[in-house]
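Working notes, beginning with the structure itself.
The values are calculated or read from the model by the stated rules, or taken from the named source; none is laboratory data. Here the structure is a predicted model, which is why all the values come from computation and not from measurement. Note that we place each Cβ from the backbone using ideal geometry, even for glycine, and neighbour counts take in every protein chain shown.
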Amino acid sequence: MSTTLSQSHSSGGNPLGGDDTKRSPLARLQHLLHSQATIGPAAVLLVAIVVFAVLSPRFLTPGNISLILQQVAVIGTLAVGQTIVILTAGIDLSCGAIMVLTSIVMAKVAADTGLPGLPALLLGFLVGTLCGLLNGLLVTRLKLPPFIVTLGTLNVFFALNLWYSESATIRGTDMPSLLLWTGQTINLGGTRVTYGSIMMVVLVAAMAFALKNTAWGRHVYATGDDLEASRLSGIRTARVLLSVYATAGAVYALAAWVLIGRIASASPQAGQMDNLDSITAVVIGGTSLFGGRGAIVGSLIGALIVGVFRNGLALAGVDVLWQTLAVGVLIIVAVSLDQWIRKVKP
Amino acid sequence: MTTPVLQARGLVKRYGRVTALAGADLELLPGEILAVIGDNGAGKSSLIKALSGAVVPDEGEILVDGRPVSFSSPIDARDAGIETVHQSLAVSPSLDIAANLFLGRERRRRGVLGSVFRMLDRNGMRDEARRQLDALGIMTIQNPGQAVETLSGGQRQAVAVARAAAFGSRVVIMDEPTAALGVRESRAVLDLVLQVRERGLPVILISHNMPHVFEVADRIHIQRLGRRKAVVDPKTVSMSDAVAIMTGAMEPPGQFA
């Protein structure tokens, strides 16, 4: 495995051989973080949990853990789609708008027409995927920067959502129970966990598998790393980008389902800041905004860090504004760290 | 007469009002190293891009083993057995060596894991990468699981050459493989070029470096003003004469090639 990576000594006879320069502890840390992007966020999460557990006896109670997981489920799910987009050196500002639009579609179609839960859910997934596909087409065909594309579609999808919902919230009691299922809980070792939280964890595991173990996953990384090099290597980069944006759209539809369960209704005004919160989770989780580097698990950890910080600080009696300030500082620290890691010397 | 492995006839490529290729020809014979030299703007890059499928020529034809082909993407050229080491190397820095070697043609595991779960055969690809690096004498790269960005310029070049040599079944094209390298690294890469020929694969070598060209090439294709000006034998033509033909200071001796 990777044991020979840094301690190796080459004879020095072949200039194409490995280098054997001795590294300072700081440089070694840089190399470690460079090869394992999720170590940093995982350490931050652990420290935060320990600190908050010491500060407040209520922090590690099953009820509180359950609460954090519920609070994190929507952003964590959105962050899965956001991560694959950011891995391709893109960004998706429209993720929250797609989620809200699909949640309204799922709920309102069922409430208005009496469509059963499953077809309503599938219709939502179709809408989410098509929204993502539109983003992908604009990025690959018109070759517009993803920031601009998704800034535009954010407004388009949000307006469609207000138009279709007539700005009215759809109550949970008017929906089929399947749409609310994600908010129901099951008892796991004394902690009540929502199905939405479990779905998020399963989604993270499935996407992590796909990124790590399939050719598609490698092509996602390669495309984000260097688009032209990937094209010359025979990767159909436009197809990869399309698949990423469409998959992200489907993931946002899943987030919509989790959202409906979480707030027990479908509100056209929900999740206004969720696009930025998902980017926050991805960035704090160690995925680089410049593409090609990062991991899904990191984004889950990033979402948990934000959730733990907010919850822990609230339990410690800290005002909301300081919680927000803490998250802001975390973002800047995370991106600075990424910049430093990227400067790693061979 | 032997059929050229790769042949270009009358290639024309225009970019707006600029004509990069004005009816360029090229012949690559089996088992040879054909160097392509030319001044800036002579059309070397466009010629190579046409042969590797990166650009589609406006006119002219390309023949592989005497049969006409048409490349609309790098994938087509690759499928025809033509591998290219681009000047930019076309490697993905954050992926490891084995992943880069198999980039765009990953192998999947056998059975359900591969067909249903699309799982990559990581170990198989890693072993094969190791074999390829060993075969080219670059086994001092410690670990095929090492990220390419941790490698030096020469090592990255070696990875790109190994990829081309591993998958090229007919032709390997190398665009300025020593341009960014120091003396020792250049030496090692030139040895790699010779080893690729020893495997029986003909090589097209684009280079600005005359000593390198004269050291390894069997024939030298001199490109000038979008056309083939001459093909010379490095054993009979001096370096200064080749440069003179390249710059237009001298007409090629006799009939070319």
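Filtering segment B:120-137 to residues that are more than 9 Å from chain A (Cβ to nearest Cβ) and touching a strand residue (DSSP E or B) at 6+ places or on another chain (Cβ under 8 Å) leaves only B:121.
Can you name the residue in segment A:219-231 that is of a type in the set (A, V, I, L, M, F, W, C) and surrounded by 24 or more Cβ atoms within 10 Å (Cβ to Cβ) and, of all such residues, is farthest from the other protein chains (Cβ to nearest Cβ)?
Within segment A:219-231, the first condition is being of a type in the set (A, V, I, L, M, F, W, C), and the residues that meet it are A:220, A:222, A:227, A:229.
With surrounded by 24 or more Cβ atoms within 10 Å (Cβ to Cβ) added as a condition, the list becomes A:220, A:222.
On the way: A:220: 11, A:222: 4 Å.
Only one residue fits best here, namely A:220.
Condition check ((1) at pLDDT below 85; (2) of a type in the set (D, E, K, R); (3) over 23 Å from residue A:232 (Cβ atoms); (4) not in a loop (DSSP other than H, G, I, E, B)) across all residues:
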| position | (1), (2), (3), (4) |
| --- | --- |
| B:156 | no, yes, no, yes |
| B:185 | yes, yes, no, yes |
| B:194 | no, no, yes, yes |
| B:200 | no, no, yes, no |
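From the list B:163, B:156, the lone residue that is buried (at least 17 other Cβ atoms within 10 Å of the Cβ) and either more than 13 Å from the chain's Cα centre (by Cα) or not assigned by TED's automatic domain parsing to the domain that holds residue B:209 (or both) is B:156.
Restricting segment A:19-54 to residues that are in a helix (DSSP H, G or I), farther than 24 Å from residue A:282 by Cβ and at pLDDT below 90 leaves a set whose member that is farthest from the chain's Cα centre (by Cα) is A:25.
For first residues located in segment A:29-45 and within 16 Å of residue A:335 (Cα to Cα) and in contact (Cβ under 8 Å) with a residue 12 or more places away in the chain, partners that are crowded, with 18+ Cβ neighbours inside 10 Å and acidic (Asp, Glu) and lie 6+ apart or on another chain with Cβ distances below 7 Å do not occur.
Only one of the numbered conditions (1) more than 10 Å from chain A (Cβ to nearest Cβ); (2) of a type in the set (Phe, Trp, Tyr); (3) free of Cβ contacts under 8 Å to residues at least 12 places away in the same chain is violated by residue B:117, and that is (1). The residue that is farthest from the other protein chains (Cβ to nearest Cβ), counting only those in segment B:40-80 that are surrounded by fewer than 16 Cβ atoms within 10 Å (Cβ to Cβ) and in contact with a helix residue (DSSP H, G or I) (Cβ under 8 Å, 6 or more places away or on another chain), is B:70.
Can you report the number of residues in segment A:276-322 which are buried (at least 18 other Cβ atoms within 10 Å of the Cβ) and closer than 25 Å to residue A:58 by Cα? Step through it out loud before you land on a result.
Residues of segment A:276-322 buried (at least 18 other Cβ atoms within 10 Å of the Cβ): A:277-288, A:291-313.
Next, from what is left, pick out any that are closer than 25 Å to residue A:58 by Cα: A:281, A:300-313.
Residues meeting the conditions: 15.
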